[in-house]
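Note sheet for the following structure.
The values are calculated or read from the model by the stated rules, or taken from the named source; none is laboratory data. The structure presented is a predicted model; accordingly, all values stated were derived computationally and were not measured. Methodologically, a virtual Cβ is constructed for each residue, glycine included, from the backbone with ideal geometry; neighbour enumeration extends over all protein chains shown. Surface areas here come from the heavy atoms of the whole protein model, side chains and all, with no ligands, DNA or RNA. Shrake-Rupley method; radii C 1.70, N 1.55, O 1.52, S 1.80 Å.
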Amino acid sequence: MGPMASAGGPPAGLRADARRNYERLVTEARVCFAAHGTDASLEDVARRAGVGIGTLYRHFPNRQSLMSAVFEDAVGELLARSRELLSAPQPCVALVSWLREMVAHAGEYRGLARALMAAGQDETSALARCSSPIREAGGALLGRAQTAGDVRGDVEIGDLLQLTHAIALAAEGNPGDPELADRLLTLTLRGLKP
C-alpha cells in the first residue's frame, strides 16, 4: 500500500445498492461499536442501517470481518485528513491538528484493535494493513514541519505516535479535565522545537 493509500472500503465490483448497504452497515457499526463496544448487537447494527441481518452477514460473514471494515474506515478518515493537511499553509499547525485528531479517536481505534487482536491471527491483518499508512501519513506531516524548521530533525514519527497514544490514555483516565490532552500536546510540541 502506498504512503497515502486508502485503508479498506467496499469490495470492488459491488452493485450500487450493495455498495450503499455495505457503507451504511460500516457507518452504523462504527457508531454502535463506539457507544457499546465491539460486542454490540449486530441485529441492532442491521436495523439502524435499514437492512436485514441476512444482508449484514452477506457482506460480513462474522463479527471480526465487520470490525476489520470499521477499523479500516476509521483509519481511512485519518489518512484523508492527513492528505488535506499536507497542503495547509503552516506545517507545524497541520502536524498538531492531525495529532489532536489521533488523540480524539484513539479510544475507538484501541478498542477495535484490541478486539481484532483477541479475535485471532487472521484478523490482525487489518491492523498490519493500517499501521504502515498511518506511520507514513504522520511521517509526511512531520517531515514537512521539520523542513520548515518548526520541529527538530531528530524527532521520529514512531516516537511521536507513541507520545500521542500516551496522551490519549492520560486524557481517558482523567475525564474531569477536558483540556488535559491539549495541554499535553502543547507541552510535547515545545519539546519538539529546535
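Quick check on residue 85: is it at pLDDT below 85 and of a type in the set (A, V, I, L, M, F, W, C)? No: the conditions fail for residue 85.
State yes or no: is residue 53 at pLDDT 90 or above and within 25 Å of residue 186 (Cβ to Cβ)? So residue 53 fails the test. For residue 55, the conditions (1) among the polar types (S, T, N, Q); (2) farther than 27 Å from residue 136 by Cβ; (3) not in a helix (DSSP H, G or I) all hold with the exception of (3). Kindly establish whether residue 14 is touching a Phe, Trp or Tyr at 6+ places or on another chain (Cβ under 8 Å) and modelled with pLDDT under 90. Criteria met by residue 14.
Checked against (1) without any contact (Cβ under 8 Å) to a residue 40 or more places away in the chain; (2) in a loop (DSSP other than H, G, I, E, B); (3) open to solvent by less than 40 Å² (accessible area, probe 1.4 Å), residue 38 passes all but a single condition, namely (1). Within the stretch 159-187, being more than 21 Å from residue 108 (Cβ to Cβ) and open to solvent by less than 80 Å² (accessible area, probe 1.4 Å) holds for one residue alone: 186.
Does the stretch 68-85 contain at least one residue that is within 25 Å of residue 160 (Cα to Cα) and assigned to a loop (DSSP other than H, G, I, E, B)? No. The residue pairs whose first member lies in the stretch 152-167 and is of a type outside the set (Gly, Ala, Ser), whose second member is part of a loop (DSSP other than H, G, I, E, B) and open to solvent by 30 Å² or more (accessible area, probe 1.4 Å), and whose beta carbons are closer than 8 Å, counting only pairs six or more residues apart or on different chains, are 152/193; 152/194. Considering only residues in the stretch 41-59 that are touching a residue at least 24 places away in the same chain (Cβ under 8 Å) and within 23 Å of the chain's Cα centre (by Cα), the one that is most open to solvent (accessible area, probe 1.4 Å) turns out to be 59.
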